[in-house]
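The values are calculated or read from the model by the stated rules, or taken from the named source; none is laboratory data. In this text, all values refer to a predicted model and were calculated from it rather than measured experimentally. With ideal geometry, Cβ positions are generated from the backbone for all residues, glycine too; neighbour counts draw on all protein chains shown.
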Amino acid sequence: MESTLPTTKVRRILQIAHEAQEIADTQARLRHLLAGALLLVGADVGCLFVFDATRPHVPVVGILEGHGHRNPSTVLAQYAQGDNFDIMAQQIRATFARSGSVLARRRQELINDRDWYRSVYLNEFRRWWGFDHSIYSMLTHGTAHVGMSVNRSFGGGKFEPQDQDLIETFHLACARVATESLHRNVAQSNKMRRDALAPRARDTLDCLLRGASTKDVSDELGLSPNTVRHYTKAIFRAFDVRSRSELLAHWHSET
């Protein structure tokens, strides 16, 4: 499809992506990307998320940028509720699964005004956060799904089709930088969580990451099977997973 975007806007998108690559600090790089996206379309709050293919409805890691929210970490934590939480995310994931290519949609294309303003999601969450109209974008980069949204505060007006085209173009241009940065965040988080474990729990984790069974861990570390199971439960709690497969997927999502 031929682009109708102003050349100055396209150049600005490429400039933002280049500037971000030159920033060494991961958080600063991601915030630069999001701040650039917000300015491009006159939005107030932006989010970037990476979803693991084995848990496509719960992001591995995410970042939020913009004004007007008292506790951004609370917003990010809400997404751990998964499928039943964000009705717009449900809609775009379903459409994205069918298309398989980069996909950006305005809120009014995903849910009509009547259903939107009556929804629990809007009235119990979005009103508290302070933002209304959105553009959601999804794409695949490597084995990860990268989600992005930009949002305007209540009273800020709806996004136009050109805004949607800008975010889709921006997402394509910045996907690699954002994904690499978010994966680096996962790696740093994994290291911190591992370091916080008891020494023998860390040894157990190392065995589990190699695919060892409870018996294998017991034999290698000289621990009873019950003790291994105790450490395994502690590891699951530390990494917020429910099984060995989820632990492996989470750990290796940084690569």
*asked:* From the list GLY36, GLY66, GLY42, GLY46, exactly one residue is under 23 Å from ASP163 (Cα atoms) and at pLDDT below 80. Which is it?
replied: GLY66
*asked:* Show me the helices (runs of 4 or more DSSP H) found entirely inside segment 151-243 where at least 2 residues are surrounded by 17 or more Cβ atoms within 10 Å (Cβ to Cβ) and of a type in the set (D, E, K, R).
replied: 161-196
*In segment 158-175, what residues are more than 13 Å from MET148 (Cα to Cα) and out of contact with any helix residue (DSSP H, G or I) (no Cβ under 8 Å at 6 or more places or on another chain)?*
GLU160, PRO161, GLN162, ASP165
*Unmet requirement for ALA17, which otherwise passes all of (1) touching a strand residue (DSSP E or B) at 6+ places or on another chain (Cβ under 7 Å); (2) at pLDDT 85 or above; (3) of a type outside the set (Phe, Trp, Tyr)*: (1)
_When the residues of segment 20-33 are narrowed to those that are part of a helix (DSSP H, G or I) and surrounded by fewer than 17 Cβ atoms within 10 Å (Cβ to Cβ), which ends up modelled with the lowest pLDDT?_
GLN27
_Every residue from segment 209-235 that is modelled with pLDDT of 90 or more and hydrophobic (A, V, I, L, M, F, W, C)_ = VAL217, LEU221, LEU223, VAL228, ALA234, ILE235
